[in-house]
Structure formats: C-alpha cells, structure tokens
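Engineer: Below is one structure. I have some questions about it.
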Amino acid sequence: EGYSVWFAGHPLAGMVQLTAADIHPPLYYALLHGRAQLLGLAPAALRLFSVLAGLPAIPLAYLLGRDLFGGRTGLAAAALVALNPLAVFYSQEIRMYGLTMTFSFLALWSGWRWTQPAAAPRFGLAYGLSLVAGLYTLYYFALLPLAQGAWVLLALIVIRVLHLLDRFI
C-alpha cells in the first residue's frame, strides 16, 4: 500500500516513468493519482477508491452467471463475490486487485456475450477494452485471455470430436 500511495503522490508524468521500473503497470496508480488530486492522500479516501473499483465486480459476476447458467446462478455468483473474504479484503487495500477483479469479470462477461450468435459489436469492443485496461493494471492479467483461448480451443476440439463420432455412430 505504501508504494501505491507513493506513486499516487507523484505528478502523472513522473509516476509513469517510475512505474516503468516497477513490477506493476501504471493504470491503477494513474487512477489513484486522479482520485488523490480530488480527495487527498488520506488512507480512507484512497481505500474508498479501491472499494469503488471493486464493487462493479458484483453485478458483473451476476451477469456472467446469469448468461451462462441462469438467474439463480447469477445471484449465487454475485453473492459469492460480495461475501468472499479475499475479494472484500483486496477491495479495501490500496492496491490494484479490486480493479483487476472488475476488469476480469468484464472481460469474461463481454467475451462470452461477443461469442453469441447475433452479438452486438459493442461486446467485442468492451472485451478488447477490458483486456487492455486489465493488462495496464496488472501484468498477470495476461493469463485471463490465455485461459479463455485455451477454453475456446478445447471447446472446438470437443465439438469436432463429437461431430466425427456422430458420423461413425
């Protein structure tokens, strides 16, 4: 948390240069910097930013669960995110993890919606923007589209195998 406050306290151009040598990309620090300009560097104000950044993950978990398996699953997914001790903890810490969680759910949901028949182009745009924002927030975010790609590849293989079996049976 100390590093986050330290980065947020620098002018934006200097902060971007400092994050080039850090292990985390600059988006969270830049957003925190903007928030600090409005409300100062008080711990409560900085923690509130993390809470507000992590809160959208709850309705996004609902949307993802609903679209994949129905409304009950959506409610269960939202409840699990809202009550998960790690999600609550990391959404209060002055770090980028709550924001990363939000971008993750946005990428999962918009990516799923984008693959559906007659999908609106806005889902593809939302998917691309959430991936870019996630990568500018946490480098480990790159694992999410890799996992999504592996899932799609596996699904295509299973579909192909089932199609071949159907021809022979």
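Engineer: Could you tell me how many degrees, from 0 to 90 and to the nearest 10, lie between the Cα long axis of helix 121-135 and the main elongation axis, the longest principal axis, of the Cα atoms of the chain?
Structural biologist: Result, in degrees: 50.
Engineer: Compute the distance in nm between two label points, each set 7 Å from the Cα along the Cα-to-Cβ direction, one at Phe168 and one at Leu83.
Structural biologist: Taking the simple label geometry, Phe168 and Leu83 are separated by 4.7 nm.
Engineer: If R0 is 30 Å, what FRET efficiency do you get for Val161 and Thr115 from their C-beta distance, rounded to 0.05?
Structural biologist: 0.95
Engineer: Under unit Cβ charges (Lys, Arg +1; Asp, Glu -1), what dipole magnitude, rounded to 20 debye, does the range 21-112 have relative to its Cα centre?
Structural biologist: In debye, rounded to 20, the range 21-112 gives about 160.
Engineer: Just from its helices, what would the mean residue ellipticity at 222 nm be for the chain, if runs of 4 or more DSSP H residues each count -39500 (n - 2.57) and the sum is divided by every residue, rounded to the nearest 500 deg cm²/dmol?
Structural biologist: Here the helix-only value at 222 nm equals -25500 deg cm²/dmol.
Engineer: Let me ask something additional. Using only the Cα atoms of the range 118-163, what semi-axes does the equivalent ellipsoid have when each is the square root of 5 times a gyration tensor eigenvalue? Give whole Å, largest first.
Structural biologist: The three semi-axes for the range 118-163 are 25, 16, 4 Å.
Engineer: Another question, then. So if I place +1 on the C-beta of Lys and Arg and -1 on the C-beta of Asp and Glu, and nothing else carries charge, what would the dipole magnitude of the chain be about its Cα centre? I want it in debye, nearest 20.
Structural biologist: 380 debye
Engineer: Normalized C-alpha radius of gyration of the range 37-143, against 2.2 N^0.38 Å?
Structural biologist: Cα-based Rg divided by the globular estimate yields 1.13.
Engineer: Quick one: plug the Kirkwood hydrodynamic radius of the range 87-169 (C-alpha pairs) into Stokes-Einstein at 4 °C, 1.567 mPa s, and report D in µm²/s.
Structural biologist: Calculated translational D: 90 µm²/s.
Engineer: Which of Leu80, Val5, Leu38 sits farthest toward the positive end of the charge dipole of the range 1-95, with +1 on the Cβ of Lys and Arg and -1 on the Cβ of Asp and Glu?
Structural biologist: Result: Leu80.
Engineer: Among Ala119, Trp109, Gly134, whose Cα lies farthest out toward the positive end of the dipole of the chain, if unit charges sit on the beta carbon of Lys, Arg (+1) and Asp, Glu (-1)?
Structural biologist: Result: Ala119.
Engineer: At R0 = 25 Å, how high is the FRET efficiency between Leu12 and Leu41 if r is their beta carbon distance? Nearest 0.05 is fine.
Structural biologist: 0.95
Values quoted throughout were computed directly from the atomic coordinates according to the rules given, and no laboratory measurement underlies them. This one's a predicted model, so the numbers in the text were calculated from it and none came from an experiment. We place every Cβ from the backbone using ideal geometry, glycine too, and count neighbours over all the protein chains shown.
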